[in-house]
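What follows is a short report on a single structure.
Please treat every number below as a calculation from the coordinates, not as lab data. Fair warning: this is a prediction, and the values are worked out from it, not measured in the lab. Because the Cβ atoms are built from the backbone with ideal geometry, glycine has one as well, and the counts that use them run over all protein chains shown.
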Amino acid sequence: MSKELTSQVLGELLEARNFMGIKAALAGLTPPDSAEAIKEFEPAEQAALFRLLPMQDATEVFEYLPVDTQERLIHAMGNEQAVGIIDAMSPDDRTALLEELPTALCAKLINDLSPKERAIALRLLDYPEHSIGRLMTSEYLVLRDDWTAAEALDHIRSHGRDQETLNVLYVVDDHGKLLDDVRIRELLLCPLETKVKDLRDSVFISLNATDDQETAVATFRKYRRNVLPVVDGHGGLVGIVTGDDILDVAEEAATEDIHKLGGMEQLDEPYMNISLSKLVQKRATWLVILFVGEMLTATAMGHFEEEIEKAAILAVFVPLIISSGGNSGSQAASLIIRAMAIGEVTLKDWWKVMRREIYSGLALGLILAIIGMLRISVWSAFSPIYGPHWFLLALTVSFSLIGVVLWGTLSGSMLPFLLKRLGLDPATSSAPFVATLVDVTGLIIYFAMAGAILRGTLL
């Protein structure tokens, strides 16, 4: 059943107060589908639907809901039910929720957790915000070097039911230091008397709990893993990070970059949920900055007022020139920012990028220059609009396009490197920002070219 049809059925059952029908409908859905259906309703209806979930499914469905929906449900639940749900959540999902709750409510919920879960929650929240430690879970199994495969499998049967994953198991020493990882298939396929130490190759990848979360994304992408161990500064195993959490981090990072590329601050809430005042605030800051930047364009136009008075036809091509430069700059900025984000380009590659963009800018500028030359030539064959000096005007526009597009590609490609070198987010060199920068310089290039080519004729 599609999401729209499921929501429609649940809405009709809710309106008819057919609670048994709702229970039956929800029981027939997987937890992700139940969460998808519930989040489509208004807050009061969400709470009503959630209370009708089968008890064994409630926690799992809760983990699939967006954090803002989880927060509303926590406020709607009684304290006992809320604590029961949070206590049963996986540590990483619980940490993501708790760090979004108001401090007082977060402290109260943590205080009401079971001693074991309270200790885990406090330990994870103690890691820096946006660190890998906030993503990890403690639901994993460890093995010992001197165990046989039979003993390891018995351990899995006894303690593996509630673990996050059993695909990979971790070998630690007596002090909890990570020695290696072992795939469960190796245990299943080897003779039962084989020692765990004989399965180890001592080649493993791990993450540091205090590293930035984007480090984890890059590591998962590089090594194509579904789960990775997390260690402390002494190499001790403190948790694991799974692929579903990495997907969330990657999505959030991509969303942030897209918002910045669009010339605005990142939205902290879904578009349909954020208040109008916050939405305006997030968009206004960069819009004002870009507006002030465009004032420089008007200033530059005023500086060339005398040239425009002598040859008003020059003003006709101003939008064409500056938009071409802005577009080429936006293209280059987008390409380099994305290449940096996925590790294709690093700071040391700046010269290689500059060299490629010089060739690209010249080629792109030449293509537009030829089109511009043809446009003016064809129009002049049928109309006197460009006057007797149309060929010189065509040369001016063509050479200006080459210069402006070249400058745009260089600006758009080099600005992310400059920001990265200064320790800033390269995505801040958003497409609108680059376009505004190139608008001003594009005018200077255009009128300087006009002065050189048209002097003694139109100027």
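In nanometres, what is the gap between the two model label sites at Ile444 and Ala254, each 7 Å from Cα along Cα-to-Cβ?
According to this spin-label approximation, the distance is 3.9 nm.
Give the peptides 83-90, 11-18 in descending order of average Cβ contacts within 10 Å, highest first.
Descending packing order for the listed peptides: 83-90, 11-18.
State the extension gain, in nm to one decimal, for the chain segment bounded by Val9 and Glu269, taking 0.36 nm per residue of separation less the distance between their alpha-carbons.
Using 0.36 nm per residue and subtracting the Cα-Cα distance, I get 90.8 nm.
When Lys and Arg each count +1 and Asp and Glu each count -1, what net charge do the other residues less than 9 Å away from Arg200, Cβ to Cβ, add up to?
Value of the local net charge: -4.
What whole number of Å gives the distance from the Cα centroid of the range 214-230 to the Cα centroid of the range 124-200?
17
Could you tell me the center-to-center distance, by alpha carbons, between the range 392-459 and the range 284-346 in angstrom?
7
Measure up Lys222/Lys352; Lys177/Lys222; Lys348/Lys420; Lys352/Lys420 against 20 Å on the Cα-Cα distance and list the ones that go over.
The pairs that break the limit, which is 20 Å between Cα atoms, are Lys222/Lys352; Lys177/Lys222.
Roughly what would the spin-label model give for Gln81 and Asn111, points 7 Å off Cα along C-beta, in nm?
That separation, rounded to one decimal, is 2.3 nm.
Which one, Trp379, Gly293, Leu410, is farthest towards the positive end of the dipole of the range 276-454 when Lys and Arg carry +1 and Asp and Glu -1 on their Cβ?
Value computed over the given set: Leu410.
Using unit Cβ charges (K, R positive; D, E negative) and no other charged atoms, how large, in debye to the nearest 20, is the dipole of the range 3-132 about its Cα centre?
Dipole about the Cα centre, nearest 20: 400 debye.
Rounded, prolate or oblate: which one fits the range 200-242, using the alpha carbon gyration tensor with axes a ≥ b ≥ c (rounded when a/c is under 1.5, else prolate when a/b beats b/c, else oblate)?
Note, shape of the range 200-242 comes out oblate.
Placing unit charges on C-beta atoms (Lys and Arg positive, Asp and Glu negative, everything else neutral), compute the dipole magnitude of the chain about its Cα centre in debye, rounded to 20.
In total the dipole reaches around 1820 debye.
So, with +1 on the Cβ of K and R and -1 on the Cβ of D and E, and no other charges, what is the size of the charge dipole of the range 49-192 about its Cα centre, to the nearest 20 debye?
In debye, rounded to 20, the range 49-192 gives about 260.
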